[in-house]
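The values are calculated or read from the model by the stated rules, or taken from the named source; none is laboratory data. Everything numeric here is computed off the predicted structure, so don't read it as measured data. For neighbour counting, all protein chains shown are included, and Cβ atoms are generated from backbone atoms with ideal geometry for every residue, glycine included. Areas reflect the complete protein model, heavy atoms only, side chains present, ligands, DNA and RNA absent. Shrake-Rupley method; radii C 1.70, N 1.55, O 1.52, S 1.80 Å.
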Amino acid sequence: KAGNKTICGDDAFQLYYTFGFPLDLTELMARERGLKVDTELFVKLMDQQKERARAAQKGVSLAASLSNVQLPATDDAAKYQTDSCQGKVLGWVTSEGFTAEGEFEDAHKPAALVLDKTCFYAESGGQVGDEGLIRGEDWEFIVEGTEKVGNCVLHKGRLHRGGVAAGDVATMQVYQDRQASRKNHTATHILQWALQKVLGDSVKQQGSAVCPDYLRFDYTWPKGLTPEQSAEIQALVNQKIAEGLPVTCVSLPIEEARKLGAMALFGEKYGDVVRVIGIGAPDKDHFGEAFSKEFCGGTHVSNTSEIGGFGIVKEESVSAGVRRITALTGTKLVDYLMGRNAIVDELVGMLKVPADQITSRVAKIMEDNKSLAKQLKSGAAAAASAQVSADDLLARSSRQGATVVVAESIPALGADQARGLIDSLRAKAGSAVVVLGMADGDGKVMLFAGVTDDLIKKISAGDIVKQIAPIVGGGGGGRPQFAQAGGKDPSKIDEALRTAKTFITGKLS
Ligand SMILES: [Zn+2]
């Protein structure tokens, strides 16, 4: 702009945000024209934009309604020391913004309480925000999540009972699960150390999620862990847990922290003074001796033994060159392993082998299954070729006048197949009486009889079956055209068929 030696940060931001024009190019072109860029405002606007984007991602964030509001600061130093503390209500945030006026008593409206002090840990650095309860003299507010906007801690949730007013004294209680989050967070630091120890220093953290139920750690590595690498990493972490090492926290000028070799998350912005978590140093004076040193604002156990065990439950790819480990600690790990153990016990019962032989037994079963399937296939083919056809039976039949008489023992068929065979015999012969006997190999006998319509005044299939079924130790019956019976003595099938023949001859003559 004419008469102005500075390009406003707002303009630089618009160039970048709306047109994708990078700041360094704006600065370069400005310098060529003897102008300066207000980068301070640019950085501030960028931060606000990031905050808005983050809030939009979470969906339920109330931060969006606060972009231009001056919020009171919350002293949250207690979050590292205690799960319970007292404070004073300063106001509350709803979709309309922050207020300290009147009384808040709408139990259905999502809201966030703001207090002068808190022991709730706000979501940051991959560790989820605390959940818990805030209680006044005659009200209760359930905290479903905690978020920090500037220096203000928002206790997000809903009013459970009563009404809140600014000035009310409140008691805060973080739900106990936070101890589980602490275990998982410290374990995440040890895991990063172990990964670098086994895979090399090129492994870099890409993100992490720490919550009461599990921990997740993303890192740069081109391929999946081998079973040996995974076992070694887990053994290293568990060794550090078993050693019962102290976890210390110091605040240091950022340069000093970097000199100590403390790991920072790439791309993350830090202040002049940083909080560094060290594992394995006897005390703060010997902080340099810690085997793991990380820039970190999270909550941790005070001794690694509290973690109570570590186990990887999943290893997967998240994107090209980035892997993800999901792991469990403490009682969650024990629960998981007990669940696995129950499955092993069940398999031991089913397979009737000791646990250490399950895999070889299952491999054997799979192998057997394969060869049985092969046998079954060739068996079915053989059975198909052995099957008698209506033509075969017709060729072997005898005649009484114009009537074809079949009384044969054949390989076992299903009821539908037997019926089909009899139907096709009846159709081919025109006038026929058919009796088929078969044994299924398990000691069961089946008898089927069929009569063509022209003969049913003389002889009935039901009668034939009734005559011969008792011979094979069974019974049955049916309609004049078709009947069937079962029995249990296969050695008597031929006798039954001879009897049938005699019966048929008598009836037809
Ligand atoms: Zn951390």
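Miscellaneous remarks
- Exposure of Lys204 as accessible area (Å², to 10), given a probe of 1.4 Å and all protein chains: 110
- Only DSSP H runs of four or more residues enter the estimate; each adds -39500 (n - 2.57), and after division by the residues of the chain the mean residue ellipticity at 222 nm equals -11500 deg cm²/dmol.
- Look at where the Cα atoms of segment 119-186 and of segment 409-460 average out, and the two centres are 81 Å apart.
- Debye intensity ratio I(q)/I(0), log10, the chain, q values 0.06 Å⁻¹ (C-alpha model): -0.58
- The distance separating the Cα centre of segment 189-225 from that of segment 301-350 comes to 15 Å.
- Across the chain, Cα pairs under 8 Å and at least six residues apart give a relative contact order of 8 percent.
- The chain, accessible area per residue, ligands and nucleic acids excluded (1.4 Å, Å²): 53
- Net charge of Cβ neighbours under 13 Å - reference Ser398; Lys, Arg +1; Asp, Glu -1: +3
- Reachable lysines from Lys36, criterion Cα separation under 19 angstrom, eight or more residues apart if same chain: Lys1, Lys5, Lys44
- Accessible-area order (highest first, 1.4 angstrom probe) of the listed residues Met338, Met29: Met338, Met29
- Based on Cα contacts under 8 Å between residues 6+ apart, segment 376-509 shows a relative contact order of 20 percent.
- Computed log₁₀ I(q)/I(0) - Debye formula, equal Cα scatterers, no solvent, segment 237-380, q 0.14, 0.19, 0.21 Å⁻¹: -0.86, -1.18, -1.25
- Volume per residue of the C-alpha convex hull in segment 390-508, rounded to whole Å³: 82
- In terms of distances greater than 20 angstrom between alpha carbons, the cross-link table entries Lys148/Lys269; Lys79/Lys117; Lys428/Lys492 yield Lys428/Lys492.
- Largest-first ordering by accessible area, 1.4 Å probe, given options Arg361, Arg396: Arg396, Arg361
- Around Val89: net Lys/Arg minus Asp/Glu count, Cβ-Cβ under 9 Å: -1
- Within the same chain, lysines fewer than 8 places from Lys223 are excluded, and of the rest, those with a Cα less than 28 Å from its Cα are Lys183, Lys197, Lys204, Lys240, Lys293, Lys314, Lys332.
- In a reduced charge model with +1 at each Lys and Arg Cβ and -1 at each Asp and Glu Cβ, the chain shows a dipole moment near 2620 debye about its Cα centre.
- Expressed as a whole percent, the accessible surface of the chain that belongs to carbon and sulfur atoms is 52, based on a 1.4 Å probe.
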